[in-house]
1. Are there chymotrypsin sites (Phe, Trp or Tyr not before Pro) in segment 117-163 that DSSP puts in a loop and that have at most 12 other Cβ atoms within 10 Å, and which ones?
2. Counting Lys +1, Arg +1, Asp -1, Glu -1, what net charge surrounds D57 among other residues with beta carbon under 9 Å of its beta carbon?
3. Give a quick list of trypsin sites (Lys or Arg not before Pro) in segment 1-99 that DSSP marks as loop, anything other than H, G, I, E or B, with at most 15 other Cβ atoms within 10 Å.
4. What dipole magnitude, in Debye to the nearest 20, does segment 104-162 give about its Cα centre under +1 on Lys/Arg Cβ and -1 on Asp/Glu Cβ?
5. With all protein chains present, how much of the accessible area of segment 53-149 (probe radius 1.4 Å) comes from carbon and sulfur, to the nearest whole percent?
6. Could you give the size of the charge dipole of segment 1-152 about its Cα centre, using +1 on the Cβ of each K and R and -1 on the Cβ of each D and E, expressed in debye and rounded to the nearest 20?
7. Once Lys and Arg get +1 and Asp and Glu get -1 on their Cβ, which of A65, V43, C32 lies farthest toward the positive end of the dipole of segment 1-96?
Amino acid sequence: MPEQERMVEALLFAASQPLTLRDMAARMPAGCDPAEALARLRVRYDGRGVELARVGDAWAFRTAADLGFLMQDAVIETRRLSRAATEVLAIVAYHQPVTRTEIEEIRGVALSRGTLDQLIDMGWVRLGRRRPSPGRPVTFVVTEAFLDHFGLASTRDLPGLGELRAAGLLDPRPPAGPRLALAAGGAQADIVAAEEPGCDLFGD
């Protein structure tokens with residue numbers, strides 16, 4: 001098992017993206033148990049400067065949250081998503097799997113051409129399974145890259161409507177759905193009230 005821990009540690013350290021247990025098992029010798037090795041590594045790294053973080057169904061090394069101040073000298077240029085793209089992304093996150101028609105029904109306006117395509121190009125939204133309904137429409141879901149970017153283990157970690165209202169971050173008018181204000185280069189997501197839909201992916 002110590003040797004298997006070393007293997008999992010090496011795989012996660014060298015990986016350019018989070019790895020699932022299946023990814024690790026495919027690279028390790030037959031008979032290895034990456035799940036057990038991972039559990040032991042989590043204990044070993046608990047409280048260290050680098051910790052094992054769950055990203056959806058995958059795992060990755062991440063800097064401990066309380067040491068983020070050490071990286072504050074890095075200059076990050078952020079671009080805020082347009083209101084239209086923010087609404088679409090929030091709807092997908094809270095209502096997935098959701099079809100294009102359902103997104104338009106929730107927003108109350110037609111979806112601008114290319115908004116979903118650009119969110120897919122950013123790696124935050126991907127195609128899901130087709131609905132077993134007439135026309136078999138494709139659905140959309142958020143990706144593990146989206147979860148990783150905003151520090152979420154799963155969409156279950158998104159704040160609920162009660163939390164948003166308690167924080168005063170939802171418009172008092174009946175909302176079509178929660179709205180996420182997302183910075184493309186930021187490290188956190190801010191929840192805000194809905195505004196009038198925009199047309200471009202990124203605002204000025």
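The values are calculated or read from the model by the stated rules, or taken from the named source; none is laboratory data. Just so it is clear, the structure is predicted and the values come from calculations on it, not from any experiment. Quick reminder, even Gly has a Cβ in these numbers, built from the backbone with ideal geometry, and neighbours come from all protein chains shown. Only protein heavy atoms, including side chains, enter the accessible area calculation; ligands, DNA and RNA are left aside. Shrake-Rupley method; radii C 1.70, N 1.55, O 1.52, S 1.80 Å.
1. none
2. That works out to +1.
3. R48, R79
4. 340 debye
5. With neighbouring chains kept in place, the figure for segment 53-149 is 49 percent.
6. Computed charge dipole of segment 1-152: roughly 520 debye.
7. Checked the options; the winner is A65.
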